[in-house]
Amino acid sequence: MFEYAVAAVERALAAGATYADARVVVSKQESIDVQNQAVQSLDRTEQAGVGVRALIGSSWGFFATADLSRRAAIVAGERAAEIARASAAVPGDRMQFTDVAVVQASYETPYIEDPFTVPLSEKVDLLIGVTKTMQEVKGVAIATGNLTFYDTNKWFVSSQGHRIHQHLVESGGGIDATALGESESQRRSYPQSFGQYETGGYEVIRKWDFAANAGRIAEEAAALLTADEMEEQETDLILEGSQLALQIHESVGHAIELDRILGWEAAFAGTSHLQLPKLGTFKFGSELMNITADATLPGALGTFGYDDEGTEAQSVEIVKDGTWVGVLSGRDSAAMAGLPPGGMVRGDGYNRLPMVRMTNIGILPGDSSLEEIIADTKSGVYMSTNRSWSIDDKRLNFQFGTEIAWEVKDGKLGRMLKNPTYTGIGPVFWASLDRLAGGDEWIHWGTPNCGKGQPMQVAHTGHSAAPGRFKNVRVGVRG
Amino acid sequence: MSREIHLTEQILDLVGERAEAEVLASTGNLALTRFANSFIHQNVAEEGEAVSLRVAVDGRIASSKTTATAPDSLAAFVEAALETAAMQPVDEDWAGVAAPAALPAIEHADDATYDASPDTRANLVKEFIETGTGMLAAGYCQTEGQSVAFANSAGQAASGRNTSAIIDGIHQTGTSAGSGHAASVAIGDLDGAAVGVIAAQRAADSVAPFDAKPGEYEVILAPEAVGTLAVFLGFYGFNGKMLSEGQSFVVLGSQQFDDRFQMWDDVTDPRAMGIPFDTEGTPKGRLELVADGVTRGVAHNRKTAKKTGVASTGNNIPGSEGWGPVPTNVFVGGGDRSVDELIADVERGIYVSTFNYCRILDPKTMVVTGLTRNGTFMIENGRITDAVTNMRFTQSFVDALGEGKILGLGGDARFADSEFAAGIMYVPTMHLASWNFTGGAEG
């Protein structure tokens with residue numbers, strides 16, 4: 001496959017590009033959805049094509065084709081340069097491009113069990129079984145289960161001499177139960193609201209043991225119908241790990257994207273409240289807040305060998321002891337900011353322009369545990385599993401809803417509460433973090449649906465997190 | 001014979017008598033010129049073709065999609081789909097493939113848009129940027145052209161072409177931003193300067209915003225904000241699957257909205273975009289969703305229609321199996337008032353240019369939270385007096401449109417989009433009696 005990428009790059013250079021790269025991507029996906037013991041859909045998707053990037057002056061030109069032939073690759077290289085030249089009608093400053101090591105390398109996701117060779121009957125039977133278990137709980141009207149697997153081969157070639165082949169394998173899925181009342185619906189899901197996704201094979205599915213948790217979440221969904229509504233108040237908030245992971249994703253992960261900080265995403269995704277002159281001094285949170293962007297974590301969803309610009313995967317400090325010290329960057333954005341490139345540029349398939357994306361943005365573990373945190377809380381609430389998320393275009397003002405909560409009184413869990421929400425301002429909220437769990441409660445949560453860019457791209461990102469406590473948070477906001 | 005029709009026939013031949021089958025083949029292009037900091041920084045295009053196949057082997061269903069369309073690849077693709085289906089349990093709700101039926105004679109396509117060059121898009125971008133003197137512009141200009149063919153084993157065959165062109169952007173000062181948006185089937189209809197002027201005016205008018213107190217306000221919602229309401233109503237409410245599962249707010253035949261509220265889905269409207277059949281080959285027509293405030297219908301595909309005992313409305317989209325069928329050519333009825341006249345009726349309220357990052361808290365009550373963006377203004381005694389900082393709201397969209405809540409409708413209906421899907425909502429400015437703002441965006 002390298003030959004097609006080479007042909008595209010050579011043609012783009014001949015057409016005037018000062019730099020060019022190309023990715024041949026061949027991918028397949030299998031997705032199974034079961035609802036109430038019936039298969040809703042069994043979809044298999046295959047995609048193959050080549051995408052070429054050409055840099056001329058201040059702008060990238062990008063062209064992609066699903067025709068995997070030498071002739072089509074050459075045309076794609078020509079078209080990428082033509083598109084870059086058209087950008088000169090509205091030029092900016094010449095785009096800089098930081099050097100990285102030029103490598104010829106390969107990388108493969110470590111996995112035990114190829115998910116595409118596990119019999120379909122085994123996967124379908126698993127989902128039918130767990131939906132049956134959930135349906136047996138009185139009050140549960142809808143029980144669903146999903147499994148999705150990805151297998152991606154990428155061949156990357158740059159005009160600077162990169163030749164990189166990667167084979168990435170990702171697996172994930174989840175289950176959920178919905179109970180319906182007269183004028184409300186209540187949902188509980190496992191392992192988290194969109195399922196849990198990791199790099200790896202079918203062993204990921206076996207590890208999370210859906211069957212052992214189906215009955216519990218179904219009982220909780222049904223119980224929520226008669227639970228008390230959370231009252232609006234300011235109180236101590238304990239977040240379960242997957243909700244803390246999403247909090248990191250939305251209020252830290254997107255805020256530290258250098259393309260947002262530079263204004264490149266201003267119209268759609270937005271910008272960031274973070275300003276580069278404050279890098280190294282801005283107080284983002286409490287001393288317990290230590291965030292890294294680590295694309296090398298074994299098993300985490302945002303793990304790979306090289307990004308889509310040929311930069312090797314690395315771990316970068318983002319927040320150290322509460323102070324903002326790092327960003328997510330690529331070769332062009334890093335050059336503009338005068339920073340080393342972070343190897344965080346990825347494209348969604350062969351037909352999307354690679355852009356700055358989160359890798360594994362996680363908080364390093366603390367020395368406590370959920371049990372200790374609850375025991376140490378006189379009055380507060382414990383919220384689990386995301387239900388809704390909303391944040392402003394500068395990544396400051398957020399409001400999250402979770403599926404379930406419990407009152408915490410005198411160190412013990414009390415009443416179950418429904419329709420929990422909490423709201424706050426990012427750095428104020430993070431400054432209130434005063435307890436953080438660790439040990440085996442520190443999990444590499446995976447987010448398989450991070451949207452960004454135009455045309456829209458979906459990225460798979462990881463967020464390591466453990467339960468944590470935040471002081472004096474506004475909860476229970478509803479219309 | 002077009003390439004797409006050839007592909008559908010090729011695949012049906014490969015399936016033969018072994019299964020019920022439906023095939024969707026498409027060829028086309030998508031190009032998007034993106035700008036930020038007042039220059040074009042990303043500029044992309046793609047061409048390709050793709051084939052989707054759904055087979056039913058004795059009621060056992062499997063779906064597959066591929067971009068590999070060489071003859072040998074297609075043969076392997078078909079065999080894999082048949083093998084996969086044969087391993088499945090029987091789907092008791094399978095409604096079979098669509099019977100042959102005539103299509104509406106309408107095509108929403110424009111050759112100049114299908115063949116639009118990067119230079120054409122760059123010129124529109126330049127027009128937009130030049131309207132914001134001293135401001136930073138960001139946004140995009142997109143063109144898309146698609147040719148689609150459908151065929152199934154029952155003899156239904158359909159084909160069509162569609163195009164779309166969009167320019168969308170913001171102008172920014174150091175303290176504010178304003179947005180503009182336009183979409184059409186034909187790129188020749190777009191005026192980059194006209195869209196840019198609106199964005200620049202909103203940005204200039206909001207350079208010194210203040211923090212308004214949270215609470216209930218009358219609102220004037222610009223078309224982008226009304227588009228957000230329509231998207232949520234359509235996707236979570238007027239959805240045949242969600243209704244049959246008890247997750248929708250919809251009560252058919254009930255007065256759930258103000259009697260001024262009209263909403264319908266109609267690809268046959270000359271102003272619409274898209275093709276006149278869905279991914280199951282069912283012809284699309286006009287579907288009444290709300291008439292004079294009474295909820296009249298929901299979107300169906302073949303499966304939800306069978307379950308409900310009605311006919312499919314032709315609203316199947318990719319992913320419908322899990323999410324359900326939804327309307328994608330939505331119109332909200334307008335009035336005859338100008339925006340200035342609507343504002344003149346407000347004693348104290350908020351003008352909202354766009355909503356941002358809206359997410360549902362409960363589909364059954366349609367409570368949504370989100371923020372305002374790109375131009376939010378205080379209205380006092382019938383005129384805009386000040387800009388206000390972005391605000392967060394938590395509001396039931398059904399309650400907001402309830403009986404007695406629509407106080408005025410603009411005569412300015414157009415395609416509008418703020419964050420979800422351009423080209424599917426054609427809506428006017430709206431004056432509503434009450435909207436619940438819960439706080440300022442920056443605390």
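All of the numbers you see were taken from the coordinates with simple rules; none came from a lab. Please read all numbers here as calculations on a predicted model, not as lab measurements. Glycine gets a Cβ as well: all are built from the backbone with ideal geometry, and neighbour counts include every protein chain shown.
With each label modelled as a point 7 angstrom along the Cα→C-beta vector, the A:Gln275-B:Glu380 pair spans 2.9 nm. Using the Cβ-Cβ distance between B:Glu17 and B:Lys306 with R0 set to 22 Å, the FRET efficiency from 1/(1 + (r/R0)^6) comes to roughly 0.40.
Summary of packing: across the peptides B:429-440, A:174-185, the per-residue average of other C-beta atoms within 10 Å ranks them, highest first, as B:429-440, A:174-185. Applying the Karplus relation 6.51 cos²θ - 1.76 cosθ + 1.60 with θ = phi - 60° to segment A:195-205 yields 3J(HN,Hα) values of x, 10, 10, 9, 7, x, x, 5, 4, 4, 5 Hz, where x marks Gly and Pro.
For segment A:83-133, the list of trypsin sites (Lys or Arg not before Pro) that fall in a loop by DSSP and count at most 12 other C-beta atoms within 10 angstrom reads A:Arg94. Partner shielding of B:77-87 amounts to 2, given as the average count of beta-carbon atoms from other chains within 10 Å of each residue beta-carbon.
Over the protein assembly as shown, DSSP H runs of length four or greater, each weighted -39,500 (n - 2.57), average out per residue to a 222 nm ellipticity of -6000 deg cm²/dmol. Take the convex hull of the alpha carbons in segment B:157-225; its mean projected area over all directions comes to 7.8 nm².
Summarised in one figure, the compactness ratio Rg/Rh of segment A:386-458, Cα atoms and Kirkwood Rh, is 1.02. Quick one: helix B:3-15 against the long Cα principal axis of chain B, what's the angle to the nearest 10°, folded into 0 to 90? Between the helix axis and the principal axis of chain B, the angle is about 40 degrees. Distances longer than 37 Å among the Cα atoms of chain B: what percent of all pairs is that? Pairs farther apart than 37 Å: 30 percent. Rounded to whole numbers, the Karplus 3J(HN,Hα) couplings from phi for segment A:350-355 are 6, 9, 10, 5, x, 9 Hz, using 6.51 cos²θ - 1.76 cosθ + 1.60 with θ = phi - 60°, and x at Gly and Pro. The HN-Hα couplings worked out from phi for segment A:126-131 by the Karplus form 6.51 cos²θ - 1.76 cosθ + 1.60 (θ = phi - 60°) are 4, 6, 5, x, 6, 5 Hz, whole numbers, x standing for Gly and Pro.
Distant-in-sequence amide contacts of B:Lys364, defined by a placed amide H-H separation under 5 Å and a gap of 5 or more residues or a different chain, comprise A:Ser185.
Taking the Cβ of A:Tyr202 as the centre, find all other residues whose Cβ is under 10 Å away and add up their charges (Lys, Arg: +1; Asp, Glu: -1). Combined, the nearby Lys, Arg, Asp and Glu give -1. Taking amide H atoms as placed 1.01 Å from N in the peptide plane, the amide H of B:Ser159 lies under 5 Å from those of B:Phe150, each 5 or more residues away in sequence or on another chain. What fraction, in whole percent, of alpha-carbon pairs in segment A:358-479 exceed 18 Å separation? So the pairs more than 18 Å apart make up 60 percent of the total in segment A:358-479. In this label model, B:Ala291 and B:Thr268 are separated by 1.4 nm, measuring between points 7 Å along each Cα→Cβ vector.
Binning the alpha carbon pair distances of the protein assembly as shown at 20 angstrom intervals from zero yields the distribution 14, 49, 35, 2, expressed in whole percent.
Look at the stretch A:448-454: the mean tally of other chain Cβ atoms within 10 Å of its residues' Cβ atoms is 2. For B:Leu407, the residues whose modelled amide H falls within less than 5 Å of its own, excluding neighbours fewer than 5 places apart on the same chain, are B:His431, B:Leu432, B:Ala433.
P(r) for chain A, from all Cα pairs and a bin width of 20 Å, is 24, 53, 22, 1 %, short bins first. Packing here is the average count of other Cβ atoms within 10 Å per residue, and on that basis the peptides B:321-333, A:269-281, A:237-249, highest first, run A:237-249, B:321-333, A:269-281.
Taking all Cα pairs closer than 8 Å and separated by 6 or more residues, the relative contact order of chain B comes to 16 percent.
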